[in-house]
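**Q** Structure in structure tokens, see below.
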Amino acid sequence: MNELGFFKNPTQITYGLGAANQLRNIIDQQGYKNVLIITDSGIVKTGLIDQLTRQFDNINYAIFDGTKPNPTVENCEAALELLTEINAEAVVAMGGGSSIDVAKAVCLLSTNEGSIVGYEGIDTCSNDLLPLIAIPTTAGTASEVTTFTVITDEERQYKFTVGGIRLAPKWALVDPMVTKSLPSHITAATGLDALVHALESYTSKMATPISKALAREAIRKISGNLRQAVYNGDNITARDNMLMGSLLAGLAFNNTRLGNCHALSHPVSAIYGVPHGVANSILIPHVMEFNALAVPELFSDIAEDMGENLAGMTLMERAHAAVNAVKKLSKDINIPSDFSHYNVDESQLDRMAKDALLSGNIAVNPRKTTYDDVINLYKKSIGGVKVGTI
């Protein structure tokens, strides 16, 4: 008998072409008169914010576009100051996971005192948050439906997580059309990040029948469409499948957490500034090789979902075929194979390993993981000659 456990999805999702145009309906239904838009400068340059604000006739709004790729405590404080100036009743986040993460933090701080640093952990705030409407522009983080926000404390060079049911956006407007302007290299990195979400959710110790079904469909959609989305960004079918795959993966890992890959990626991003999606993409083959010995049957499923020819293979051969499939996909879309371009070296290994082991994702990884295991995984991902940061 299947033991379900639990499944949560507190966000109301509107999905489809033109979903972003439903924003004004929500604003009018709720009676909001003052709204803060949180985004980044890259999204502003695409013209997407101009399109969005055409829905804001007779609405007082301000735009915070200072979000960094790895959002910081300072980002949150600056956006909160602007929210306070206009007395915003709701927040609209348009962008990738970084903008939505800042928006979550701002919505928390608007109704709870102190710095976001003080809310690290799960269910650490007492008051309900300001309402958040999330419009993702990447098929990557699925932050539009998750109950977590990840913020970088630059003073400590440390990424920390704030979580809890209150962190989930109240509404998500998930529109494939707004992802068409995404550059190919960001499409690649965020798409691999979404695949990692699905892979780690499917193999998580907390996986349930519902989460597994969502994760497997996400694996099929992402692995079958990411190449097309990268090399033909106007292919709306590929963009649609990628965004749906990202959303399904988010709904899955929101209930299962993730695994070693995400635990190890956060210190690399916090210390060396490696983009989150790139960090996950570099680490995931090594983490998969490590985990395949513990749950080869799950990795066999992944190989099948990624379209590998498994005829005549043993169980372990099928499991390793999943690793090779991910490596091939990464290579095809020009994801770096190691961290050599980011000056990551062995000088920070001890610090990174200790930070990684603080993550709750380690506990749900399918294979028990020690300090030495983390060190070895980092060493495999570092690469050879170090060059200037890109």
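**Q** Here is a list: ALA142, ALA134. Which entry is surrounded by 24 or more Cβ atoms within 10 Å (Cβ to Cβ), under 26 Å from LEU357 (Cα atoms) and assigned by TED's automatic domain parsing to the domain that holds LEU48?
**A** ALA142
**Q** Which count do you get for residues in the range 135-186 that are within 14 Å of THR11 (Cβ to Cβ) and in a loop (DSSP other than H, G, I, E, B)?
**A** Residues flagged as within 14 Å of THR11 (Cβ to Cβ) and in a loop (DSSP other than H, G, I, E, B) within the range 135-186 amount to 11.
**Q** Go over the candidates GLU89, GLU81 one by one and state the one that is more than 21 Å from GLY18 (Cα to Cα) and either in contact with a Cys (Cβ under 7 Å, 6 or more places away or on another chain) or surrounded by fewer than 16 Cβ atoms within 10 Å (Cβ to Cβ) (or both).
**A** GLU81
**Q** Residues in the range 189-196: is at least one outside the structural domain of SER99 (by TED's automatic domain parsing), at negative phi and either free of Cβ contacts under 8 Å to residues at least 60 places away in the same chain or among the hydroxyl-bearing types (Ser, Thr, Tyr) (or both)?
**A** Checked against the condition, which is being outside the structural domain of SER99 (by TED's automatic domain parsing), at negative phi and either free of Cβ contacts under 8 Å to residues at least 60 places away in the same chain or among the hydroxyl-bearing types (Ser, Thr, Tyr) (or both), the range 189-196 yields at least one hit.
**Q** Continuing with the same structure: So is SER98 in a loop (DSSP other than H, G, I, E, B) and on the phi < 0 side of the Ramachandran plot or not?
**A** Numbers: in a loop (DSSP other than H, G, I, E, B): no; on the phi < 0 side of the Ramachandran plot: yes.
No: the conditions fail for SER98.
**Q** So ILE335 passes all but one of these: (1) modelled with pLDDT under 95; (2) crowded, with 18+ Cβ neighbours inside 10 Å; (3) in a helix (DSSP H, G or I). Which condition number does it fail?
**A** The number of the failed condition is (3).
**Q** Go through the residues of the range 247-262 one by one and say whether even a single one is in the same structural domain as ARG351 (by TED's automatic domain parsing) and without any contact (Cβ under 8 Å) to a residue 40 or more places away in the chain.
**A** Checking the range 247-262: not a single residue is in the same structural domain as ARG351 (by TED's automatic domain parsing) and without any contact (Cβ under 8 Å) to a residue 40 or more places away in the chain.
**Q** Looking only at residues that are buried (at least 22 other Cβ atoms within 10 Å of the Cβ) and of a type in the set (S, T, N, Q) in the range 148-179, which one is farthest from ASN280 (Cα to Cα)?
**A** THR179
**Q** Conditions first: (1) outside any loop (DSSP other than H, G, I, E, B); (2) over 17 Å from the mean Cα position of the chain (by Cα); (3) closer than 20 Å to ALA322 by Cβ. ALA207 passes all but one, so which condition is the exception?
**A** (1)
**Q** Take ALA105 and tell me if it is aliphatic (A, V, I, L, M), touching a helix residue (DSSP H, G or I) at 6+ places or on another chain (Cβ under 7 Å), outside any strand (DSSP E or B) and crowded, with 24+ Cβ neighbours inside 10 Å.
**A** Details: aliphatic (A, V, I, L, M): yes; touching a helix residue (DSSP H, G or I) at 6+ places or on another chain (Cβ under 7 Å): yes; outside any strand (DSSP E or B): yes; crowded, with 24+ Cβ neighbours inside 10 Å: yes.
The answer is yes for ALA105.
**Q** Another one. Limited to the range 240-277, what total is found for residues that are of a type in the set (Val, Ile, Thr), surrounded by 24 or more Cβ atoms within 10 Å (Cβ to Cβ) and in a helix (DSSP H, G or I)?
**A** 2
**Q** Quick test for you: out of ASN291, ASN280, ASN343, pick the one residue that is surrounded by fewer than 23 Cβ atoms within 10 Å (Cβ to Cβ) and of a type in the set (S, T, N, Q).
**A** ASN343
**Q** Now for a different question. What strands (runs of 3 or more DSSP E) lie completely within the range 1-77 and have 3 or more residues being under 13 Å from TRP171 (Cβ atoms)?
**A** Values: elements: 12-15, 34-38, 60-64.
Counting at least 3 such residues, we get 12-15.
**Q** Go through (1) of a type outside the set (Gly, Ala, Ser); (2) under 20 Å from the mean Cα position of the chain (by Cα); (3) assigned to a helix (DSSP H, G or I); (4) modelled with pLDDT under 95 and name the single condition ARG351 misses.
**A** Status for ARG351: all satisfied but (2).
**Q** Please verify whether the range 111-126 includes one or more residues that are closer than 20 Å to ARG257 by Cβ, surrounded by fewer than 24 Cβ atoms within 10 Å (Cβ to Cβ) and touching a Cys at 6+ places or on another chain (Cβ under 9 Å).
**A** Looking through the range 111-126, at least one residue is closer than 20 Å to ARG257 by Cβ, surrounded by fewer than 24 Cβ atoms within 10 Å (Cβ to Cβ) and touching a Cys at 6+ places or on another chain (Cβ under 9 Å).
The values are calculated or read from the model by the stated rules, or taken from the named source; none is laboratory data. This is a predicted model, so every value here is computed, not measured. Reconstructed Cβ throughout: ideal geometry from the backbone, glycine too, with neighbour counts over all protein chains shown.
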